[in-house]
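Presented below is the structure to which this report refers.
Just so it is clear, none of the values below were taken in a lab; they were calculated from the coordinates. Being a predicted model, the structure only gives us computed values, none of them experimental. For neighbour counting, all protein chains shown are included, and Cβ atoms are generated from backbone atoms with ideal geometry for every residue, glycine included.
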Amino acid sequence: MSLHYLLYHTVFRTKGSMLTINEEHERELFGYINGFCTNKNCKLFRVNGMPDHIHLLLSIPPDQSISQFIQVLKAESSKWLKLSPSFPHFIGWANGFAVFSYARRDYDTVRNYIMNQKIHHKSINFKEEYNSLLAEFGIDSSKDRFFED
C-alpha cells in the first residue's frame, strides 16, 4: 500500500436526536469505537460527543471507503449499544452522517474542537454547530437532510 494521510472529521447523531448517550458511560462507547477502528486498520485520533451525537477524528487507509466504514461502524456500534445495560434508552443511530476532510495542518484545531465538545455546547446547540461546519465547507444547509430520520 502506498503512503497516505487522510484525515476525516465525521459526525453522526442518535435516532430522533434522543439524549441516549449518557456522560457517565460514554467512555465505554468511545472505547468500543476505538477498538472497532483498530480492528479495521484505522487510526482514531479523537472521539467525543454529547448525549445526542458524536464526533470522530480519524484516518482510514485509501483502500477503504469512508462511507462504508461509517455505515459499518454505526451498524456494529448500534448492536453493541442496544445490548449494553449502560445505554438502556438507545434505539439506534439516525440515518445519515457528515464527513469533512482536513489537511494535516488542521489536525490540532479539529482535535481540540472535538476534545472540547462539552465546553462549546454550553453556548451553541447541535444544529447551530452542524450548520457552522457546513458553512465552513461552503455547503448549502437548505439542501441538507442530516436532521431527518
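Quick look at the values:
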quantity	calculated
Summed residue charge, Cβ within 14 Å of Ile91's Cβ, Lys/Arg positive, Asp/Glu negative	+3
Sequence-distant residues sharing a close amide H with Gly49 (under 5 Å, placed H)	His55
Alpha-carbon gyration tensor eigenvalues x 5, square-rooted, for the range 49-92, Å	24, 12, 7
Karplus-derived HN-Hα couplings along the range 30-36 (A = 6.51, B = -1.76, C = 1.60, θ = phi - 60°), whole Hz, x at Gly and Pro	5, x, 4, 4, 4, x, 4
Gaussian network model of the chain, springs between alpha carbon atoms under 10 Å - residue of Glu128, Glu76, Glu28 with greatest fluctuation	Glu128
Calculated log₁₀ intensity ratio I(q)/I(0) where the Debye formula runs over C-alpha points of the range 18-149, q = 0.20 Å⁻¹	-1.49
Label-point separation in nm, Ser67 to Asp144, each point 7 Å along Cα→Cβ	1.8 nm
J(HN,Hα) series, the range 61-71, from Karplus relation 6.51 cos²θ - 1.76 cosθ + 1.60, nearest Hz, glycine and proline x	x, x, 7, 10, 7, 4, 4, 5, 4, 5, 4
Integer Hz, Karplus 6.51/-1.76/1.60 couplings in order for the range 113-127, x for Gly and Pro	4, 5, 4, 9, 3, 5, 6, 6, 7, 6, 10, 9, 8, 4, 4
In the range 58-149, the trypsin sites (Lys or Arg not before Pro) that fall in loop regions by DSSP, at most 16 other Cβ within 10 Å	Lys122, Arg145
